[in-house]
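As structure tokens, the structure follows; a few thoughts come after it.
The values are calculated or read from the model by the stated rules, or taken from the named source; none is laboratory data. For clarity, every value in this text was computed on a predicted model and none was experimentally measured. Neighbour counts are summed over all protein chains in view; Cβ atoms, including those assigned to glycine, are modelled from backbone coordinates with ideal geometry. Just the protein is used for accessible areas: all its heavy atoms, side chains included, with ligands, DNA and RNA removed. Shrake-Rupley method; radii C 1.70, N 1.55, O 1.52, S 1.80 Å.
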Amino acid sequence: MISLRLRLNRGLAAILCVIFALHWLAADWVIRSVAEKQMLTRLTHDSDSILDTLDFDADGQPSFDTSHAGSVYGQAYSGHYFVLHIDGKPIYSRSLAGTALPFEAMAVDTTRQFHFKSGPHDQLLLVLSRGFAKAGHTISISTAEDLTDIGRDITAIRIGYLALSLTVLVAAIALQTADVKRSLRPLRAVTGELAAIAHGQQRQIEAEVPFEIRPLVKEVNRLLMLVELRLHQSRTAIGNLAHALKTPLAMLFRLAENPALRDLPELKRQLEQQNQTILKRIDRELKRARISGNAQPGATFNPHVELSALCELMQVIYAEKALSFEIRAPDQLLHLDREDMLEMIGNLLDNACKWAKSRIVIDVAEREGLTLRIGDDGPGCDKQQLRQMVQRGLRLDEATPGHGLGLAIVHDIAGYYGGSLALSRSAELGGLAATVRLPPT
């Protein structure tokens, strides 16, 4: 879908082009009409002059003087012609030089104006024919003028006006493009604030927006508040439930130590095993609730900065091992939730520190998504152990010693982002390599 600005510019430009085209056609018609009207006025005056000088002798022979109409009617092919019909008999102007024009005689008190394309030397003529009655005779006077010169003048005016119209059209399109850009400035401000929300720098859209999109911004703000509220409610509900279960769970632990169960070792073992499972599940959900509660919609994650801080923390926790960390991560903000990433990487890094001898390599790459790989130089796992861990679906990770600790949480977080967790032997260090792949956000 094209941008709103491009759509508005395209629509307004099309409207302006249509309006200017119609305006140019109308102006061209007006110019030609005015020019022909002036010519018709002149032709009317010429025919009136010829009629005024027309007279008849005692034998009924006509005589007239065309000098009042202008000397152009006496010059051959001057572009000014007349045809005089007296009782149906035609008399041609000298300017026709013997050329006959097939103009019909007009009835008395009738008028006709038309274009004649077959004038002398193929001239295009504007013709005015009028019918009169004088001294008992029926008289028709057709005066004509060549349109060639006026046509050239009109063409020059048309081209000049077209150039002016195109200049005004381009200026109008440029001005309306600038006005559309200025009008959409609040939307760019909203886009900037959405980017700030995505980077976790603010929680709501605060820009002043036009009335038309104010309901949309209001609804987006409401949804942002709702997401934050739901996260808080989820964290509170899960935390309250887990804390509420700890008291009865403590009672179950004490019941498992009851001397009455000494004679039922199998029942005691099953009870202790289930109690441990419930305790681990409660601890896990409390940790997940803590993640959800601290997360803000759109928070970002800088892998290089955060990994450096995590590695410093692990060096303090596992000071007796004198571990060295090699971090290969981009120093840039990624659109991933910081708390989720810290929880996921923290669990994988903690496992690596427990089993590493001296070296851990952390590799983060952003290629068609995010790829995170943490490898250590510990004993690792053989293929059968890796298959067992994968077959278990990482649901009983706490029951598996060593590398299984926290993998369920890592698996859950990766699954939330539509990613995956894979375990293999590190080709570089020889220990375990945990690889998390997340799709593009």
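Where in the stretch 43-126 are there trypsin sites (Lys or Arg not before Pro) that are in a DSSP coil and have at most 13 other Cβ atoms within 10 angstrom of their Cβ? Don't jump to the answer; show the numbers that get you there.
Numbers: sites: R94, R112, K117; in loops: K117.
Sparse-neighbourhood loop trypsin sites (Lys or Arg not before Pro): K117.
Sorted from longest to shortest, the spans of the Cα atoms of the stretch 2-141 along the three principal axes equal 88, 30, 24 Å. Taking the Cα centre of the stretch 80-142 as reference, the dipole from Cβ charges on Lys and Arg (+1) and Asp and Glu (-1) amounts to some 100 debye.
Could you state the accessible area per residue of the stretch 7-118 in Å², with a 1.4 Å probe and every protein chain left in place? Show your work: numbers first, answer last.
Numbers: 6860 Å² over 112 residues.
Ligands and nucleic acids excluded, the result is 61 Å² per residue.
In debye to the nearest 20, how big a dipole does the chain give about its Cα centre with +1 on each Lys and Arg Cβ and -1 on each Asp and Glu Cβ?
Numbers: 49 positive and 50 negative charges, 535 e Å.
Using only the charged Cβ atoms, the result is roughly 2580 debye.
Computed packing ranks the peptides 313-323, 39-49 as 39-49, 313-323, most packed first, by mean other Cβ atoms within 10 Å. Note on V72 and K134: with the Förster distance fixed at 25 Å, the Cβ-Cβ geometry gives a FRET efficiency of about 0.55. Mean projected area of the convex hull spanned by the Cα atoms of the chain, taken over all viewing directions: 41.1 nm².
Mean sequence separation of contacting Cα pairs (under 8 Å, at least six apart), scaled by the length of the chain, corresponds to a relative contact order of 9 percent. If the chain linking L216 and D28 were pulled fully straight, counting 0.36 nm for each residue of separation and taking away their Cα-Cα distance, it would gain 62.9 nm.
In this label model, D65 and A171 are separated by 5.5 nm, measuring between points 7 Å along each Cα→Cβ vector.
I'd like the carbon and sulfur percentage of the solvent accessible area for the chain, probe radius 1.4 Å, heavy atoms only, ligands and nucleic acids excluded.
58
Within the listed set R185, R32, R269, the residue fluctuating most in the Gaussian network model of the chain (springs between alpha-carbon atoms under 10 angstrom) is R269. Put a dot 7 Å past the Cα of Q273, heading toward its Cβ, do the same for H304, and the two dots end up 5.0 nm apart. Between H45 and E206, what's the calculated FRET efficiency when r is the beta-carbon distance and R0 is 56 Å? Round to 0.05. My answer for the efficiency is 0.15. If you take all other residues with their beta carbon under 15 Å from the beta carbon of T44, and give Lys and Arg +1 and Asp and Glu -1, the sum is -2.
Stretched out straight at 0.36 nm per residue, the stretch from S118 to E104 would grow longer than its current Cα-Cα span by 3.6 nm.
Using a Förster radius of 25 Å, what is the FRET efficiency between F253 and A319 based on their Cβ-Cβ separation? Nearest 0.05, please.
Between F253 and A319 the formula returns 0.15.
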